[in-house]
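Structure, as structure tokens:
The values are calculated or read from the model by the stated rules, or taken from the named source; none is laboratory data. These numbers come from a predicted model, not from an experiment. We place every Cβ from the backbone using ideal geometry, glycine too, and count neighbours over all the protein chains shown. Only protein heavy atoms, including side chains, enter the accessible area calculation; ligands, DNA and RNA are left aside. Shrake-Rupley method; radii C 1.70, N 1.55, O 1.52, S 1.80 Å.
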Amino acid sequence: MYIDGFNLYFGGRSVCGRSTPGWRWLDLRALSTSLIQRRNNWAGGVPHRIVYCTALIDGSTNRSGRLDQDTYLRALQSGIVDHVELGYYVSRVKKAPLATEGPGGRPELTTSAWPVMVQDRAGGSVPDARFMVSYAYREEKGTDVNVAAHLLTDVLTNEVDAAIVVSNDSDLALPVTAARSHVPVGVVNPSRNTTAGALRGKPSDGVGRHWWYQLTDQDYRSNQMSNQVGGANRPTGW
């Protein structure tokens, strides 16, 4: 199983609720087992290799988040997963038009109108003027590439007979499509959002026996680790 940790975390938050306990301490090996056991056409399959890809939270801006993440990674590395691959975050300032969220989550640009109106130098109103803002932006880098690299390396070296990819990132479309030519692939959407069109396909594509699944609240909550794993204690509120 190849997991986009960033996608999984925010997916779980959308499915289970941001501040609710009982879903973050996720046992990825147990989850993998439960997903395989549901597949009639994957009879006898067992988790062989679990790769978790993520990026470390910046402790200088979110100390508690980093400590909790470190605790979770220690637990995973005690035998739950076979490999953890780390990407990184980049911080920069970006500029964009001010907007609100419209139907389907699409941005709707905010323009000048009372009670906030833009004036020109002569004091005349400038209706429908755009507001430009600059903002701090932190972007996680490398996770999707790391998922793709591990997936294709293991598939092409015959390390695995089938693969599960946990992500709803459409950037993984090409490696997932390529993997389907060699082994059966299950694509697991960890969020409430519709599965990305680029990750869809037909069960018969390539070698066949492919499937798609969307995680539920029950999937997260019924596959939790013990409160203490490998010396790591479940963080408060998790």
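Can you spot a residue in the range 60-74 that is open to solvent by 70 Å² or more (accessible area, probe 1.4 Å), in contact with a strand residue (DSSP E or B) (Cβ under 6 Å, 6 or more places away or on another chain) and on the phi < 0 side of the Ramachandran plot?
Among the residues of the range 60-74, at least one is open to solvent by 70 Å² or more (accessible area, probe 1.4 Å), in contact with a strand residue (DSSP E or B) (Cβ under 6 Å, 6 or more places away or on another chain) and on the phi < 0 side of the Ramachandran plot, which makes the answer yes.
Could you go through the range 168-191 and let me know if any residue there is open to solvent by less than 50 Å² (accessible area, probe 1.4 Å) and among the acidic types (D, E).
yes
Of all residues in the range 25-37, how many are open to solvent by 20 Å² or more (accessible area, probe 1.4 Å) and in a helix (DSSP H, G or I)? Write out each step before concluding.
In the first step, residues of the range 25-37 are kept if they are open to solvent by 20 Å² or more (accessible area, probe 1.4 Å); the result is 27, 29-30, 33-34, 37.
Still in the list and also in a helix (DSSP H, G or I): 29-30, 33-34, 37.
Going through the range 25-37 one residue at a time, the tally reaches 5.
State all residues of the range 46-58 that are open to solvent by less than 60 Å² (accessible area, probe 1.4 Å) and either under 14 Å from L73 (Cα atoms) or at pLDDT 95 or above (or both); if no residue qualifies, say none.
Let us first name the residues in the range 46-58 that are open to solvent by less than 60 Å² (accessible area, probe 1.4 Å), namely 47, 49-58.
The answer is P47, R49, I50, V51, Y52, C53, T54, A55, L56, I57.
Name the single residue, out of those in the range 191-238 being in contact with a Cys (Cβ under 8 Å, 6 or more places away or on another chain) and charged (D, E, K, R), that is nearest to R13 (Cα to Cα).
Step one: filter the range 191-238 for residues in contact with a Cys (Cβ under 8 Å, 6 or more places away or on another chain), giving 217, 220-221.
Those left that are additionally charged (D, E, K, R): 217, 221.
Details: D217: 10, R221: 12 Å.
Filtering the range 191-238 for residues that are in contact with a Cys (Cβ under 8 Å, 6 or more places away or on another chain) and charged (D, E, K, R), the one nearest to R13 (Cα to Cα) comes out as D217.
The rows are residues; the columns are (1) hydroxyl-bearing (S, T, Y); (2) surrounded by fewer than 14 Cβ atoms within 10 Å (Cβ to Cβ); (3) farther than 18 Å from C53 by Cα.
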site	(1), (2), (3)
D120	no, yes, yes
G123	no, yes, yes
A129	no, no, yes
S134	yes, yes, yes
L152	no, no, no
V155	no, no, no
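So, L215, is that one under 30 Å from D58 (Cα atoms) and surrounded by 12 or more Cβ atoms within 10 Å (Cβ to Cβ) or not?
So L215 fits the description; yes.
If you take the residues in the range 68-97 that are of a type in the set (A, V, I, L, M) and touching a Leu at 6+ places or on another chain (Cβ under 7 Å), which one is farthest from M225 (Cα to Cα)? Give the derivation first.
Going residue by residue through the range 68-97, those that are of a type in the set (A, V, I, L, M) are 73, 75-76, 80-81, 84, 86, 90, 93, 96.
Remaining after also requiring touching a Leu at 6+ places or on another chain (Cβ under 7 Å): 76, 80-81, 84, 86.
Working: L76: 9, I80: 9, V81: 12, V84: 17, L86: 22 Å.
For the range 68-97, the residue satisfying everything is L86.
Given the criterion on the phi > 0 side of the Ramachandran plot and either open to solvent by less than 20 Å² (accessible area, probe 1.4 Å) or in contact with a Cys (Cβ under 9 Å, 6 or more places away or on another chain) (or both), identify the matching residue among G87, G5, G22, G104.
G22
Looking at R13, is it closer than 20 Å to D169 by Cα, of a type in the set (D, E, K, R) and either in contact with a Gly (Cβ under 6 Å, 6 or more places away or on another chain) or not in a loop (DSSP other than H, G, I, E, B) (or both)?
yes
Return the residue satisfying two criteria in turn: it lies in the range 80-113 and is part of a loop (DSSP other than H, G, I, E, B) and out of contact with any Ser or Thr (no Cβ under 9 Å at 6 or more places or on another chain), and of such residues it is nearest to A232 (Cα to Cα).
Looking at the filtered set, the residue picked out is V81.
Looking at L86 and the list (1) within 30 Å of S134 (Cα to Cα); (2) more than 19 Å from the chain's Cα centre (by Cα); (3) at pLDDT 95 or above, which single condition is not satisfied?
Every condition holds for L86 apart from (2).
Any idea which of N7, N41 is in a helix (DSSP H, G or I) and at pLDDT below 95?
One residue alone meets the criteria, N41.
Quick check: is even one residue across the range 58-79 assigned to a loop (DSSP other than H, G, I, E, B), closer than 28 Å to V185 by Cβ and either among the acidic types (D, E) or free of Cβ contacts under 8 Å to residues at least 60 places away in the same chain (or both)?
no
Only one of these conditions is not met by G231: (1) at pLDDT 95 or above; (2) loosely packed, with under 15 Cβ neighbours inside 10 Å. Which number is it?
Condition not satisfied by G231: (1).
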